[in-house]
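Visitor: The structure's right below; bear with me while I get my questions together.
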Amino acid sequence: MEDTLKALYDAVMEGQRDIARESVVKALADGVAPGEILDAMIGAMGEVGRLFEEGEYFVPEMLIAARAMKTGMDILKPELVDADIQPAGKIVAGTVKGDLHDIGKNLVCMMLEGAGFQVVDLGSDVSPEAFVNAVNEHHPDFIAMSALLTTTMPNMQTTIEALKAAGVRDQVKVLIGGAPITDAYAEKIGADGYAPDASRAVKLAKALV
Ligand code: B1M
């Protein structure tokens, strides 16, 4: 069992998509808890980030690692979602304009779905207008915005301003997260809450619903 998770960890770090997929399938068949499988992949991506920061990995290595993780997550996702749970609330999620990082946002979406929320995932590079349109179309309880770049963080504020201008700010709670985001930043831009990781995003949404 541990060998399979080690193989999965290595496959994500080395960007080996086929091995990542096979390892997730094998781990599930062996009865490993989906959360443990997820932890192995999150751990590997954390190590990829550390190696990038130390100059040992470059953007292509990060990219293939991220793709391998996504391949594994595609298999894992249905296992994380309990179909019997009634929606606890509806959430429109997306990574803000200009930002292509979607792994953390995808994890947040998966965890929220696993906790019984209905999630409308707008993807990455989502414009303020697209968030506003989604609020008008889906009438969610929350919007969850993700940003991984200091240069795209301000687009969270721009989105909140667009919600205000469209007259829908009061209809939704705005939750934000991503590596450079802090509680202080959430307060500064008038968001309703900040979560540092996916599990705390679930706790936050549950507390505010
Ligand atoms: Co990028 N990248 N990247 N990257 N990348 C970072 C973010 C960086 C910190 C690396 C570094 O320099 N050390 C750095 C940002 C520096 C900064 O702004 N301060 C950086 C850079 C510079 C860039 C480029 C500019 C590189 C370049 O081209 N020169 C470029 C920008 C592209 C763009 O977006 N326009 C770029 C590109 C890429 C790839 C495409 C190669 C790839 C992304 C692939 C993808 O997502 N599909 C990539 C990756 C993989 C990373 C790192 C290595 C890993 C990010 C990740 O997936 N982490 C990252 C370094 C790092 O984080 N150490 C880095 C794993 C993920 C599980 O964590 O996303 O933090 P995270 O999500 C967590 C929490 O933050 C939280 O919960 C998640 C799960 O627990 N959370 C939320 C996230 N969103 C939330 C929303 C919520 C709540 C919680 O709502 C309520």
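Visitor: What ratio of Cα Rg to 2.2 N^0.38 Å holds for the stretch 90-208?
Guide: So the stretch 90-208 has a normalised radius of gyration of 0.91.
Visitor: Could you work out which residue, out of 159, 95, 182, moves most in a Gaussian network model of the chain, that is, has the largest mean-square fluctuation with Cα springs under 10 Å?
Guide: 182
Visitor: Mind running the shape call on the stretch 2-82? Use the C-alpha gyration tensor, a ≥ b ≥ c as the square roots of the eigenvalues: rounded below 1.5 for a/c, prolate if a/b tops b/c, oblate otherwise.
Guide: prolate
Visitor: For q = 0.09, 0.10, 0.18 Å⁻¹, what log10 I(q)/I(0) does the chain give under the Debye formula with an equal point scatterer on each alpha carbon and no solvent?
Guide: Log-scaled intensity ratios, in q order: -0.35, -0.44, -1.23.
Visitor: Ok, one more. Highest GNM mean-square fluctuation, the chain, Cα pairs closer than 10 Å: which of 60, 140, 78?
Guide: 60
Visitor: A further question follows. Fully extended, how many nm does the chain gain between residue 161 and residue 139 (0.36 nm per residue separation, minus their Cα-Cα distance)?
Guide: 6.1 nm
Visitor: Nearest 10 degrees, 0 to 90: what angle lies between the long axis of helix 59-80 and the longest principal axis of the chain (Cα atoms)?
Guide: The two axes meet at around 80 degrees.
Visitor: Net charge near residue 190, counting Lys/Arg +1 and Asp/Glu -1 over other residues with Cβ under 14 Å of its Cβ?
Guide: The answer is -1.
Visitor: Continuing with this model, one more query. With +1 on each Lys and Arg Cβ and -1 on each Asp and Glu Cβ, and nothing else charged, work out how big the dipole of the chain is about its Cα centre, in Debye to the nearest 20.
Guide: Here the size comes out at about 640 debye.
Visitor: I want the local charge near residue 102. Using Cβ-Cβ distances under 11 Å, sum +1 for each Lys or Arg and -1 for each Asp or Glu among the other residues.
Guide: -1
Visitor: Turning to a different aspect of this structure: Taking H as built 1.01 Å from N, whose amide H comes closer than 5 Å to the amide H of residue 119, not counting residues under 5 places away?
Guide: Those lying under 5 Å, H to H, from residue 119 are 91.
Only the coordinates and a few stated rules stand behind these numbers; no lab work does. Here the structure is a predicted model, which is why all the values come from computation and not from measurement. All Cβ positions, even for glycine, are placed from backbone atoms using ideal geometry, and neighbour counts span all protein chains on display.
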